[in-house]
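*Asks:* Have a look at the structure that comes next, please.
The values are calculated or read from the model by the stated rules, or taken from the named source; none is laboratory data. Fair warning: this is a prediction, and the values are worked out from it, not measured in the lab. Counting neighbours? That spans all protein chains shown, and the Cβs are built from the backbone with ideal geometry, glycine included.
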Amino acid sequence: MALTFRQLHPHFAAEVSAVDLRQVHNEATLAEIRAGMDEYAVLVFRGQPLSDDEHLAFARRLDGRLHSKTGSSVLYKNRLGNEALSDISNVDEHGGLLKPDDRRRMYSLGNRLWHTDASFQDPAGRYSMLSAKIVPPVSADTEFADMRAAYDALPAEIKARVEDLRVHHSIAHSRQILGFEFSSHEQEALKGAIHPLVRTIPRSRRRSLYLAAHAARIIDWPVPEGRLLLRDLMEHATQPEFVYRHAWQVGDLVIWDNRATMHRARPFDDGTYRRELRRVTTLDVDQPSAVTSPS
Ligand SMILES: [Fe+2]
């Protein structure tokens, strides 16, 4: 099947022509999607009524192994019973809306900070696939920033300055920015991970700034000085010219490359409206080829 990609932003993000991802099993079509990811970093598929099992199975077909340590598992039990299936919702285990002071709500408010998924783990997250089940009748969008375009636009002296830097990512850090408190046991389980600040995406060979609210310090730098540089880079990378805003429709499946983008949820009245999405994230380990090899 030949897919077509309609670009949604001058730098990145594309809507893919009609396809039922439940039926996509052949390697040629999967390779087309991977090539689309290499080019656009965010792909929007409309009208995908995936069950949870179909969602998990498609993620495995597209990109291999699934991430199951994306943070919240240390704090509370997943309502969906599978740690590879992240519950991106404002709903409790009884189906009611989370109370304003519910700890799960407090924790998930951190998703409104610019971040990449599971950068505080090693391996980190590679592709995230977010499926919209219930969306509010008001704007409850997700924004994405193209970290490749942001890198390309840096002045040469900044590129030279950041070239070999490494960054400690910690979800304790990003949650503490908002005043969220962790127990000592939770802190112990959430030590974080170290990743390069500049990444080269293997197949496309494009360079990217690997940043997130989780980015706590630059290795071997004084903490305040490192945080100032990280803050400057975050400001640069999230300027409107690098940002695509996605307005969700029920049935959307949006896939993004966490190596090449950041994202954040935008606020809405979550005490009034229900919003339910499911996310599956793959592990950033060896990746299937984007092109079918000749047999
Ligand atoms: Fe996220």
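*Asks:* How many residues, within the stretch 58-112, are modelled with pLDDT of 90 or more and aromatic (F, W, Y)?
*Replies:* Of the residues in that region, 2 qualify.
*Asks:* Answer yes or no: is there a residue in the stretch 151-169 that is within 16 Å of the ligand (Cβ to nearest atom) and either farther than 16 Å from R259 by Cα or in contact (Cβ under 8 Å) with a residue 40 or more places away in the chain (or both).
*Replies:* Yes, that holds for at least one residue.
*Asks:* Right, another one. Kindly indicate whether any position in the stretch 252-266 is buried (at least 18 other Cβ atoms within 10 Å of the Cβ), more than 16 Å from the ligand (Cβ to nearest atom) and within 18 Å of the chain's Cα centre (by Cα). Walk me through it before giving the result.
*Replies:* Here is the first cut: in the stretch 252-266, the residues buried (at least 18 other Cβ atoms within 10 Å of the Cβ) are 252-265.
Remaining after also requiring more than 16 Å from the ligand (Cβ to nearest atom): none.
The answer is no, given that none of the residues of the stretch 252-266 is buried (at least 18 other Cβ atoms within 10 Å of the Cβ), more than 16 Å from the ligand (Cβ to nearest atom) and within 18 Å of the chain's Cα centre (by Cα).
*Asks:* Of all the residues that make up the stretch 81-108, how many are surrounded by 14 or more Cβ atoms within 10 Å (Cβ to Cβ) and part of a loop (DSSP other than H, G, I, E, B)? Break it down into steps so the answer makes sense when it comes.
*Replies:* Initial filter on the stretch 81-108 (surrounded by 14 or more Cβ atoms within 10 Å (Cβ to Cβ)): 82-92, 97-98, 102, 104-108.
The next check asks that each one be part of a loop (DSSP other than H, G, I, E, B); those that pass are 82-85, 90, 92, 98, 102.
Summing the residues that are surrounded by 14 or more Cβ atoms within 10 Å (Cβ to Cβ) and part of a loop (DSSP other than H, G, I, E, B) in the stretch 81-108 gives 8.
*Asks:* Return the pair list, or none, for Cβ contacts closer than 9 Å from residues in the stretch 113-125 that are at positive phi and part of a loop (DSSP other than H, G, I, E, B) to residues that are at pLDDT 95 or above and near the ligand (Cβ under 10 Å from one of its atoms), at least 6 apart or on different chains.
*Replies:* That search, which allows pairs on different chains as well, returns A118/G125; A118/S128; A118/N258; A118/T281.
*Asks:* Of the conditions (1) surrounded by 19 or more Cβ atoms within 10 Å (Cβ to Cβ); (2) within 16 Å of the ligand (Cβ to nearest atom); (3) outside any loop (DSSP other than H, G, I, E, B), A212 satisfies every one except a single condition; which number is it?
*Replies:* Here A212 clears every test but (3).
*Asks:* Okay, moving on. For the stretch 1-25, enumerate the residues that are touching a Phe, Trp or Tyr at 6+ places or on another chain (Cβ under 9 Å), part of a loop (DSSP other than H, G, I, E, B) and among the β-branched types (V, I, T).
*Replies:* V19, V24
Yes/no matrix, rows are residues, columns are (1) over 26 Å from T200 (Cα atoms); (2) away from the ligand (no atom under 15 Å from the Cβ); (3) in a loop (DSSP other than H, G, I, E, B); (4) in contact with a His (Cβ under 8 Å, 6 or more places away or on another chain):
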{"site": "E235", "(1), (2), (3), (4)": "no, yes, no, no"}
{"site": "F268", "(1), (2), (3), (4)": "yes, yes, yes, no"}
{"site": "V280", "(1), (2), (3), (4)": "no, no, no, yes"}
{"site": "P288", "(1), (2), (3), (4)": "no, yes, yes, no"}
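*Asks:* Can you tell me how many residues within the stretch 204-223 are among the polar types (S, T, N, Q) and out of contact with any strand residue (DSSP E or B) (no Cβ under 8 Å at 6 or more places or on another chain)?
*Replies:* If we filter the stretch 204-223 for residues that are among the polar types (S, T, N, Q), which is where we start, we get 204, 208.
Imposing the further condition that a residue be out of contact with any strand residue (DSSP E or B) (no Cβ under 8 Å at 6 or more places or on another chain) reduces the set to 204.
Matching residues across the stretch 204-223 total 1.
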